[in-house]
Amino acid sequence: MNSSNQLTVLTNCHLATMRGGSADFGVVENAAIVRDNANIIWVGCAKKLPQQYQNLPQTDLDQRWVLPAFVDCHTHLVYAGNRIAEFEQRLNGVSYEQIAKDGGGIVSTVKATRSASEAELIAQSLPRLQQMQSFGTGTIEIKSGYGLNVEDEIKMLRAARELGNIEGVRVSTSFLGAHALPPEFAGQSDAYIDMVVEEMLPEIAVLGLADAVDVFCENIAFSLEQTRQVFEKAILLGLPIRLHGEQLSNSHGCQMAAEMGALSCDHLEYLDEDGAKAMANSGTVAVLLPGAFYFLRETKKPPVDLLRGHGVAMAIATDCNPGSSPTTSLPLMLSMAVTFFGLTPDEALAGITRNAATALGLGERIGQIAPGFAADLVAWDIKSPAELCYGFGACPLNERV
Ligand code: NIG
Ligand code: FE
């Protein structure tokens, strides 16, 4: 990126602007973009570049395709350790739920994360963040949820913010204190939720460490009523809400979250029509996580036809985490979204740009190429935007421009 606020022109490129409403990626061929240090100033056909921009410094992009930098709107990027041994157990037939019930799962990562210092947590998470950027991602949402006490949740959120500073990428944080029941609260989930509501949330809000509040509403996590309590407090503190909902069963959490104005509901394999309708009514984004679907060998697909039919915006994310989706690649998620879930390439790409931005409450700022949007741009060595959904397991050459 430029060091001064000098205007420059990107030229000899094609654009997938991802402007809302188009079914064709918002293509502009033989385009030019005028940008400054932070923002897009002008976009259009190179031939129509206004006179006042014609003598600015130009970067020739050699016919590459420019897209908005990808937005990974659901990750658990900050954690310590790994869950390779549990993966091997699952390969031998033990279920994700059973591992959690036996005291493993999320709680194993909680133990490792609590033992790590903030510096160790940053050091272990940094390579994942760097990999994400190599796949064209420019904004990353990062959740807490492996600390599960005031001190360690704060440590995770600080590490997330610091990772953004180190790499110069946009990080949006979500407080996920209600992710799992920590072992010291075994059998006392209401008491734990009281602590989340009365201690953790207020302190984290005062410190400005959370951009949103997330809850895992599920029979292996927290009930509808407990989820409501956390959301009510978040709303009181002025924080947007999001949900891990209907991943392993239908708890009707998405309907409630949507009625409470949630930015997004995520996973959604078991979502029903009432849930989809409520999400449509409130403009709540459906975040689909094909990496977790794949890695947990789920067979029930999220109800894409229902979401599409009711006009719910769909986003796609990695869910990067050690237990259910150890991946950093949004291009791989594009492939899975079209192949497993039946999204069109245009829907899938909107899902990691425009709609993912909306899921973070940043839909007016990132995820599209248009004047006034952030100049978070990536040039791709591809023949057409759909190529990003076509190859899998490798990633076309790309460069931040
Ligand atoms: O999004 N569903 C709950 N949380 C994560 C999994 C976290 C873990 O297993 O460590 C998810 O899939
Ligand atoms: Fe998740």
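The values are calculated or read from the model by the stated rules, or taken from the named source; none is laboratory data. Fair warning: this is a prediction, and the values are worked out from it, not measured in the lab. A quick note on method: Cβ atoms are made from the backbone with ideal geometry, for glycine too, and the neighbour counts reach across all protein chains shown. Calculation scope for accessible area: heavy atoms of the full protein, side chains included, ligands and nucleic acids excluded. Shrake-Rupley method; radii C 1.70, N 1.55, O 1.52, S 1.80 Å.
For the stretch 305-320, state whether one or more residues are of a type in the set (S, T, N, Q) and under 27 Å from Q89 (Cα atoms).
Step one: filter the stretch 305-320 for residues of a type in the set (S, T, N, Q), giving 318.
From what's left, under 27 Å from Q89 (Cα atoms): 318.
Scanning the stretch 305-320, I find at least one residue that is of a type in the set (S, T, N, Q) and under 27 Å from Q89 (Cα atoms), so the answer is yes.
Residue by residue through the stretch 216-250, note down the ones that are open to solvent by 30 Å² or more (accessible area, probe 1.4 Å), at negative phi and either under 18 Å from the mean Cα position of the chain (by Cα) or modelled with pLDDT of 95 or more (or both).
Hits for the stretch 216-250 are S223, L224, E225, R228, Q229, E232, K233, I235, L236, L237, P240, N250.
Using the structure shown, decide if D36 is more than 16 Å from ligand 1 (Cβ to nearest atom), acidic (D, E), open to solvent by 80 Å² or more (accessible area, probe 1.4 Å) and at pLDDT 95 or above. Give the derivation first.
On the way: more than 16 Å from ligand 1 (Cβ to nearest atom): yes; acidic (D, E): yes; open to solvent by 80 Å² or more (accessible area, probe 1.4 Å): no; at pLDDT 95 or above: yes.
Answer is no for this residue.
How many residues are closer than 18 Å to G363 by Cβ and either within 13 Å of ligand 2 (Cβ to nearest atom) or surrounded by fewer than 24 Cβ atoms within 10 Å (Cβ to Cβ) (or both) if we restrict to the stretch 251-269?
Qualifying residue count, the stretch 251-269: 4.
Does L330 satisfy the condition of being touching a Pro at 6+ places or on another chain (Cβ under 9 Å) and of a type in the set (A, V, I, L, M)?
Numbers: touching a Pro at 6+ places or on another chain (Cβ under 9 Å): no; of a type in the set (A, V, I, L, M): yes.
No; evaluated as a whole, the condition is false for this residue.
Find the residue count for the stretch 330-364, including only residues that are more than 16 Å from R170 (Cα to Cα), within 16 Å of ligand 2 (Cβ to nearest atom) and assigned to a loop (DSSP other than H, G, I, E, B).
Of the residues in that region, 0 qualify.
Quick one: would you say P326 is within 30 Å of G138 (Cβ to Cβ), within 14 Å of ligand 2 (Cβ to nearest atom), open to solvent by 50 Å² or more (accessible area, probe 1.4 Å) and at pLDDT 95 or above?
Working: within 30 Å of G138 (Cβ to Cβ): yes; within 14 Å of ligand 2 (Cβ to nearest atom): yes; open to solvent by 50 Å² or more (accessible area, probe 1.4 Å): yes; at pLDDT 95 or above: yes.
Judged against the criteria, P326 is a match.
Looking for whichever is under 22 Å from the mean Cα position of the chain (by Cα) and surrounded by 20 or more Cβ atoms within 10 Å (Cβ to Cβ) here; the options are A16, A31. Which one fits?
On the way: A31 fails: under 22 Å from the mean Cα position of the chain (by Cα).
Within the list A16, A31, the selection yields A16.
Could you tell me whether F175 is within 21 Å of the chain's Cα centre (by Cα), away from ligand 2 (no atom under 16 Å from the Cβ) and open to solvent by less than 60 Å² (accessible area, probe 1.4 Å)? So that I can check it myself, show each step before the final result.
Numbers: within 21 Å of the chain's Cα centre (by Cα): yes; away from ligand 2 (no atom under 16 Å from the Cβ): no; open to solvent by less than 60 Å² (accessible area, probe 1.4 Å): yes.
Considered against the rule, which asks whether it is within 21 Å of the chain's Cα centre (by Cα), away from ligand 2 (no atom under 16 Å from the Cβ) and open to solvent by less than 60 Å² (accessible area, probe 1.4 Å), F175 comes out as no.
Residues being among the hydroxyl-bearing types (S, T, Y) and either within 12 Å of ligand 1 (Cβ to nearest atom) or on the phi > 0 side of the Ramachandran plot (or both): count how many of those fall in the stretch 73-117.
Looking only at the stretch 73-117, we keep the residues that are among the hydroxyl-bearing types (S, T, Y), and these are 75, 79, 95-96, 108-109, 113, 115, 117.
Narrowing the set further to residues that are either within 12 Å of ligand 1 (Cβ to nearest atom) or on the phi > 0 side of the Ramachandran plot (or both) leaves 75, 79, 96, 108-109, 113.
Number satisfying all stated conditions: 6.
Is there any pair linking a residue in the stretch 27-46 that is assigned to a helix (DSSP H, G or I) to one that is hydrophobic (A, V, I, L, M, F, W, C), with Cβ under 8 Å and at least six apart or on different chains, and which?
From residues that are assigned to a helix (DSSP H, G or I), the pairs are A46/A31; A46/A32.
Regarding N30, is this residue out of contact with any His (no Cβ under 8 Å at 6 or more places or on another chain) and not hydroxyl-bearing (S, T, Y)?
So N30 does not fit the description; no.
Hey, any hits in the stretch 366-374 for a residue that's away from ligand 2 (no atom under 16 Å from the Cβ), of a type outside the set (A, V, I, L, M, F, W, C), touching a Phe, Trp or Tyr at 6+ places or on another chain (Cβ under 8 Å) and under 28 Å from L126 (Cβ atoms)? Lay out the reasoning, then the answer.
Let us first name the residues in the stretch 366-374 that are away from ligand 2 (no atom under 16 Å from the Cβ), namely 366-374.
Those still in the list that are of a type outside the set (A, V, I, L, M, F, W, C) too: 367-368, 371-372.
Subset that is touching a Phe, Trp or Tyr at 6+ places or on another chain (Cβ under 8 Å): 367, 371.
Applying the additional criterion that residues be under 28 Å from L126 (Cβ atoms) yields 367.
Within the stretch 366-374, one or more residues are away from ligand 2 (no atom under 16 Å from the Cβ), of a type outside the set (A, V, I, L, M, F, W, C), touching a Phe, Trp or Tyr at 6+ places or on another chain (Cβ under 8 Å) and under 28 Å from L126 (Cβ atoms).
Here are the criteria: (1) away from ligand 1 (no atom under 16 Å from the Cβ); (2) closer than 30 Å to L263 by Cα. Tell me which single one Q51 does not satisfy.
Going through (1) away from ligand 1 (no atom under 16 Å from the Cβ); (2) closer than 30 Å to L263 by Cα one by one, Q51 breaks only (2).
Taking the criterion of being assigned to a strand (DSSP E or B), open to solvent by less than 10 Å² (accessible area, probe 1.4 Å) and touching a Pro at 6+ places or on another chain (Cβ under 9 Å), would at least one residue in the stretch 192-208 satisfy it? Show your work before the answer.
Filtering the stretch 192-208 for residues assigned to a strand (DSSP E or B) gives none.
The answer is no; no qualifying residue exists.
Across the stretch 304-317, which residue is farthest from ligand 2 (Cβ to nearest atom) among those that are open to solvent by less than 10 Å² (accessible area, probe 1.4 Å) and of a type in the set (G, A, S)?
My answer is A315.
Would you say C320 is open to solvent by less than 10 Å² (accessible area, probe 1.4 Å), without any contact (Cβ under 8 Å) to a residue 60 or more places away in the chain, within 16 Å of ligand 1 (Cβ to nearest atom) and more than 22 Å from A23 (Cα to Cα)? It would help to see each step written out before you state the result.
On the way: open to solvent by less than 10 Å² (accessible area, probe 1.4 Å): yes; without any contact (Cβ under 8 Å) to a residue 60 or more places away in the chain: no; within 16 Å of ligand 1 (Cβ to nearest atom): yes; more than 22 Å from A23 (Cα to Cα): yes.
Against the criterion (open to solvent by less than 10 Å² (accessible area, probe 1.4 Å), without any contact (Cβ under 8 Å) to a residue 60 or more places away in the chain, within 16 Å of ligand 1 (Cβ to nearest atom) and more than 22 Å from A23 (Cα to Cα)), C320 does not qualify.
Kindly list, by first and then second residue, each pair from a residue in the stretch 377-395 that is touching a residue at least 12 places away in the same chain (Cβ under 8 Å) to a residue that is open to solvent by less than 40 Å² (accessible area, probe 1.4 Å) and of a type in the set (D, E), limited to pairs with Cβ atoms under 9 Å and residues at least 6 apart or on different chains.
As it stands, the answer is P385/D346; A386/D346, since those pairs meet every condition given.
Mind listing just one residue for me: the one in the stretch 62-96 that is more than 11 Å from S324 (Cα to Cα) and acidic (D, E) and, of those, nearest to the chain's Cα centre (by Cα)?
D72
So the check is Cβ under 7 Å with 6+ separation or different chains; which pairs have a first residue in the stretch 278-303 that's closer than 10 Å to Q247 by Cα and open to solvent by less than 20 Å² (accessible area, probe 1.4 Å) and a second one that's of a type in the set (S, T, N, Q) and within 12 Å of ligand 2 (Cβ to nearest atom)?
Hits for this filter: L289/S325; A292/S324; A292/S325.
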